Amino acid sequence: MVRNRILFALCALTLAASPAINAAQPKLIVVISLDQFRYDYIARFRSHFGKNGFNYFLANGANFVNASFKHATNTTGPGHAAMLSGTYGNANGIIANDWYDRDSAEWMYCAEDKSVAIVGASGEGRSPRNFIGSTLGDELRLKYGFAAKVISLSNKDRAAIYMAGRMPTGAFWMRESSFVTSTYYMNTLPPWVQKFNQTKYINSFFGKTWNNKLPDSAYKFVDKDDAPYEKNEDGSGTTFPHRITGLDTSKITSSYYGALIRSPYGAIVVRELAKQALAAEQLGQRGVTDMLCVSFSSPDYVGHAYGPHSQEVMDMALQMDEILADFLSYIDKNVGLKNCIFALTADHGVSPIPEYILARQPKADVGRIPGKDIADYCSNILTKRFGQPKAGMKWIDALAANNIYISRATIDAMGVPTLEWAAQEIAESLRTFRGIAAVYTSNELIQYQATTPIEQKMKRSFRKLRSGDVIYALKPYWTEGTDPSGASHGEPYDADAHVPVIFVGEGIRKGTYATEASPIDIGPTLSALLGIEFPAGREGRVLMEAIKF
């Protein structure tokens, strides 16, 4: 027994030291991300899944049931930036979807790049400029002297961009009626994307309805269909059937695209473009290992509007099961499933709608906090301590993703001894604010060893030049905002962090694993299987328990 343990430990050290495993090279790596897809959806709804969708992964794959993000900011940008880089925002720089840029005194969107232009539509440029490091796709391209192709697709730009990495063949995302890219990648859309756009396939769902798949009795363990705290956006309504027209039922307007993506049809659009990418780029058919990354954003939009305990979220999971089954069938016919390695995951989960809980437990410690209330509270703290800011000045420059940015100019003008002094004043008072669980100043996160899991997660979402001066976490099931409807995410708890991590393919030991894991382990694990270098600075580990030696 002792000998076996020693051998196991030696194997672990070997795998941790270098990408030593080099199994028969697959023709194609397929990474699938389901935006806002909690792990428990697979467990809760499995009895309704077919044989060839999620159950294909569960029956043939390595299923890590204890996989979660170990950072605090569980949102789309940070989640997609982490999963194939093996790093969190403290290393890769993507600390949130948006942050406040002190140099320009403007908001910075995580995928923003004013030095490039959109190709295929108008609008602000997008690229991985804000990302630091490398990804699985980058290392794959380097291994084969850029002969390997890496294609990434999504409804969302930040999802496609950060799964792709810094050096992909191309990243494409949906902008209303078209899929687009940017001049960071190319100056003209590939013919297959142009052809797809010319068919107006995205517009073909106008006037359709989203009908629930199962009889009413099948939804008995989820919420009623007409809950008052569900959000009616873009004319979709809050009950089945949901119309896919947008606010104008007579013609296509911008609101139609919101209704589309907030339904299974948004996922179908991405799946069909992925098929075109496979065929036109001959992925997995060129004598080299290629990679296709596909992020389906529709579950996120559905979850935000209706919440994780809604009939819509349950039905969206069932629809995704069929969409995945169809996609796998296409891959099998064109490349062969046996020639592929798959990784299935999600960028984050979602917390319950507070009003859903309060309707059943009125005294529960849950609720919503307007961000303005927090900003005003912080301003009042500093005013009481240091005085009213001079005319035209304010104490707080911005509040974003639980980051509070204190005005340096006001600190100097008001004679406050140090920025940290002001930050400490805010932090000490904010710890007593309703709905807030933890508060740290930036100096505390930089200087002190983490003593709690929450603090460690907050450190992983902190990067000095981009993060705020005070950073906080809400209590479980609390959310920031004023709208008394819809769900949200972004906190460090498992509701937002616990997601699927499932591998299928050659070299994978199928089974169910309860060992600690994370989506940041996907990049290192696939690197080890492929015999390529690990992503730069990776923190994730090789999930050796699921690898065949």
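The values are calculated or read from the model by the stated rules, or taken from the named source; none is laboratory data. No experiment lies behind these values; they were computed from the predicted model shown. As a convention, Cβ positions derive from the backbone with ideal geometry for all residues, glycine included, and neighbour counts pool all protein chains shown.
Structural remarks
- The set of residues from the stretch 140-154 being outside any loop (DSSP other than H, G, I, E, B) and crowded, with 23+ Cβ neighbours inside 10 Å comprises Leu140, Arg141, Val150, Ile151, Ser152, Leu153, Ser154.
- Residues that are assigned to a strand (DSSP E or B) and either outside the structural domain of Ala398 (by TED's automatic domain parsing) or crowded, with 21+ Cβ neighbours inside 10 Å (or both) do not occur anywhere in the stretch 128-139.
- Close Cβ contacts (under 6 Å, 6 or more residues apart or on different chains) running from residues in the stretch 125-138 that are without any contact (Cβ under 8 Å) to a residue 40 or more places away in the chain to residues that are part of a loop (DSSP other than H, G, I, E, B) and small (Gly, Ala, Ser) comprise Asn130/Gly93.
- Hey, Trp192 outside any loop (DSSP other than H, G, I, E, B), under 18 Å from the mean Cα position of the chain (by Cα) and on the phi < 0 side of the Ramachandran plot or not: no
- Residue list for the stretch 400-419, filter: buried (at least 16 other Cβ atoms within 10 Å of the Cβ), without any contact (Cβ under 8 Å) to a residue 40 or more places away in the chain and not polar (S, T, N, Q): Ile411, Met414, Val416
- For the stretch 438-476, the candidate set comprises residues that are of a type in the set (D, E, K, R) and without any contact (Cβ under 8 Å) to a residue 60 or more places away in the chain; within that set, the residue that is surrounded by the fewest Cβ atoms within 10 Å (Cβ to Cβ) is Lys464.
- Hits in the stretch 233-247 (condition: assigned to a loop (DSSP other than H, G, I, E, B) and touching a residue at least 12 places away in the same chain (Cβ under 8 Å)): Glu233, Asp234, Gly235, Ser236, Thr238, Thr239, Phe240, Pro241, Thr245, Gly246, Leu247
- Residues that are among the polar types (S, T, N, Q) and either touching a residue at least 24 places away in the same chain (Cβ under 8 Å) or outside the structural domain of Ala375 (by TED's automatic domain parsing) (or both), drawn from the stretch 420-435: Ser429
- Criterion violated by Ala375 - all others in (1) crowded, with 18+ Cβ neighbours inside 10 Å; (2) small (Gly, Ala, Ser); (3) over 30 Å from Lys510 (Cβ atoms); (4) in contact (Cβ under 8 Å) with a residue 60 or more places away in the chain satisfied: (4)
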